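Notes for the one structure printed next.
Every number in this text was worked out from the coordinates using simple rules, so none of it is lab data. From a predicted model like this one, the values you see are computed outputs, not experimental measurements. Reconstructed Cβ throughout: ideal geometry from the backbone, glycine too, with neighbour counts over all protein chains shown.
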Amino acid sequence: MVRFFRVIAGAVIEFISWFALVTLFGIAAGLAWPALAEANRAFNATQTADFDQQMLIARLGLAAAASIVAAWIAGLTVRDNRIAPIVGGLALLALFVPVHLGIWDKFPLWYHVTFLTSLPVLAFIGGRLAPSA
């Protein structure tokens with residue numbers, strides 16, 4: 001029963017960490033690349049995607065880094081580097097599938113597939129980086 005609560009706590013920690021990290025990484029990227037910041041603001045305001053391919057790759061890179069680090073934090077915090085990070089990655093996937101279905105026509109197929117498949121895969125990798133109990 002304790003393991004169940006550790007898995008849930010780890011998934012919640014990963015979920016919250018992912019959003020915090022994506023926000024921080026996004027701010028840093030926007031400061032370094034003003035055109036990316038402007039494209040993000042425009043998309044958030046109008047749902048019009050004006051990203052070039054480099055911007056899309058950068059967005060995927062930010063999300064990938066956040067996925068790995070958030071899963072590592074979760075695994076490290078609850079000392080479960082297998083199940084908790086995967087559950088967190090699957091929770092993120094469950095959240096983002098409907099979001100991406102809603103914006104399916106705004107981005108290329110490779111972007112959606114890469115982002116969605118990376119969530120559980122990179123959660124697994126990030127979790128494995130944390131030492132287990």
- Note on the structure: Given the candidates 19, 123, 34, the one whose Cα lies deepest towards the positive end of the charge dipole of the chain, counting +1 at each Lys or Arg C-beta and -1 at each Asp or Glu C-beta, is 123
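When the dipole is taken about the Cα centre of region 2-129, and only Lys, Arg (+1) and Asp, Glu (-1) are charged at their Cβ, what size is it in debye, to the nearest 20? Let's see the in-between values first.
Working: 8 positive and 6 negative charges, 108 e Å.
The calculation lands at about 520 debye.
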- Note on the structure: Checking 69, 12, 99 against a Gaussian network model of the chain (alpha-carbon springs below 10 Å), the top fluctuating residue turns out to be 99
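So what is the 222 nm mean residue ellipticity for the chain from helices alone, if each DSSP H run of at least 4 adds -39500 (n - 2.57) and you divide by all residues, rounding to the nearest 500 deg cm²/dmol? Numbers along the way, then the final one.
Numbers: 5 runs with 111 residues, N = 133.
Calculated at 222 nm, the ellipticity per residue is -29000 deg cm²/dmol.
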- Note on the structure: Listed residues 11, 58, 84; largest mean-square fluctuation, Gaussian network over the chain with Cα springs below 10 Å, found at 58
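Grab the Cα-Cα distance for residue 95 and residue 47, subtract it from 0.36 nm times how many residues apart they are, and report the gain in nm with one decimal.
Result: 15.4 nm gained on full extension.
What relative contact order, as a whole-number percentage, does the chain give when Cα pairs under 8 Å and 6 or more residues apart are counted?
Details: 185 pairs, mean separation 45.9, N = 133.
RCO, the chain: 35 percent.
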- Item | Net lengthening on full extension, residue 35/residue 109 (0.36 nm per residue, minus Cα-Cα) | 24.4 nm
- How long are the three semi-axes of the equivalent ellipsoid of region 2-129, in whole Å, if each is the root of 5 times an eigenvalue of the C-alpha gyration tensor, listed from largest down? 28, 15, 11
- Query: When the distances between all Cα atoms of region 38-87 are binned every 5 Å from zero, what whole-number percent does each bin get?
  - Reply: 5, 20, 17, 14, 11, 11, 12, 9, 1
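Would you kindly state how much longer the chain becomes between residue 24 and residue 121 on full extension, computed as 0.36 nm times their sequence separation minus their alpha carbon distance, in nm to one decimal? Don't skip to the answer; put the middle values down first.
On the way: separation 97, 0.36 × 97 = 34.92 nm, distance 2.19 nm.
Residue separation times 0.36 nm, minus the Cα-Cα distance, leaves 32.7 nm.
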- Note on the structure: Within the set 86, 103, 68, GNM on the chain using Cα springs under 10 Å gives the largest fluctuation to 103
